[in-house]
Amino acid sequence: MSLAEHLAGGVTTVCRAWAVTRRDGVVLGFTDHDRTLAFEGIDFAASSGLTARSVEQTTGLAVDNSEAIGALSAASIREDDVRAGLFDGAEVRSWLVNWAEVAERRLVFRGSLGEVERQGVQFRAELRGLAEAINQPQGRVYQRPCGAVLGDEACRFDTSQPGYSVEVEITDVRSAAEFLVSSQAGTAEGWFLRGRATVLSGSALGQVGVVKRDREVEGGRLVELWESVAGGVSVGDHVRLEAGCDKQSETCRGKFGNFMNFRGFPSIPVEDWLVSYPVRNGVNDGGSLG
């Protein structure tokens, strides 16, 4: 018997089941039934503290909307995992399943987790459909700064070259966003400004932050990030620091020697140029008049 035939029978034994595949590959199963179900190699735990609103589906390309609500518990979803971002962008699948015969089921939703919001001992997660990828901006933007990310396929710069990335040990922690590392001889203050800081060990393994401040202080090099590291860092953790790029043509040419791959348009006149006029003693190169 198919699920459609079961539903047409009048008396039904159906429930919902969800499978969440985290960024680290861990697959978690949940169901609103009162006992654990198993299919497709996944155990769907009952009473796991996860529920979901009805899925709003359309025939067009609009993003399907829904929301998952759950409790933070050590048995299923831990607060540390949510804070560490392991559920950000996680793949989500949802089935309508006959709990008396799990072979009778239908996949009703497939997408990913969007914004995850913590509320005390609960969390709320936005569910995004497959059409969400189509809603993302595509193509290049014509602007003066570079549109690439240092080290990506467009930039092509190898950040593993000597002098452009270092692996250091944290010697002191002032906050989740500010810590001290051993002094980096040969690199000037601000060398890592706007660069990436990747945690290589500890409870925040794999977390990436952007360097807000990088300066020499007594006892070492002080690194401050724009946002706190989810999961926190501790003395003894290792961090990889990569040189920062402000996306200006002068930096690309002088600091990285990579101007051939510069993805900006530094010669585009600024808006002031549209209303300006040439004067005998002025600068008429199209730059800012401010």
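No lab work stands behind these numbers, since they all come straight from the coordinates. All values derive from a computational prediction rather than experimental measurement. Methodologically, a virtual Cβ is constructed for each residue, glycine included, from the backbone with ideal geometry; neighbour enumeration extends over all protein chains shown.
Here are a few things to note about the model shown:
- Simple spin-label estimate for residue 43 and residue 188 in nanometres, 7 Å along Cα-Cβ: 5.9
- Applying a DSSP loop filter and a limit of 12 other Cβ atoms within 10 Å to the GluC sites (Glu not before Pro) in segment 170-219 leaves 218.
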